[in-house]
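Below is one structure; the comments refer to it alone.
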Amino acid sequence: GYSITLTLGQYLATILLAAILLIEWHSSKELFAGLNELRSRPSVAPYILDVRGQGLMVGVEFTNKPDAPKKLASRVSQRCKEKGLLILTTSVYEVIRFIPALNISQADLKKGLGIFVESVEEIIREN
């Protein structure tokens, strides 16, 4: 009885972990692809230094060169907030952090990515 319960519990935990990792991997792949596609656009490329992270914890680092929009990360974050997407900047660096829920739907991920892309492009154009 007791040993079967423990074995079954471990088995189910392993299956659940595998499912979570698969969901995270798929969403992470889509998030990185969307952000790297934005980074490759000629109008945006000079302003994004790096897209980095692990899993669904992703950071986008903006440049702080003199010809770049001032406080780009903060301005993009504010514009996203105005459009319904809450994302945070890091403390003193020009970095925006993405930390979506593990169970984010593909539709919500795509919508959030669209808001971010639109906001970045708008702020750069305004400069």
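Here the condition is being among the polar types (S, T, N, Q) and loosely packed, with under 14 Cβ neighbours inside 10 Å; of Asn64, Asn103, it holds for Asn103 alone. Filtered by the rule that a residue be of a type outside the set (A, V, I, L, M), buried (at least 19 other Cβ atoms within 10 Å of the Cβ) and closer than 18 Å to Asp50 by Cβ, the stretch 70-100 gives Ser77, Thr89, Glu94, Phe98.
No value in this document is a laboratory result; all are computed from the given coordinates. These figures come from a predicted structure and were not determined experimentally. For neighbour counting, all protein chains shown are included, and Cβ atoms are generated from backbone atoms with ideal geometry for every residue, glycine included.
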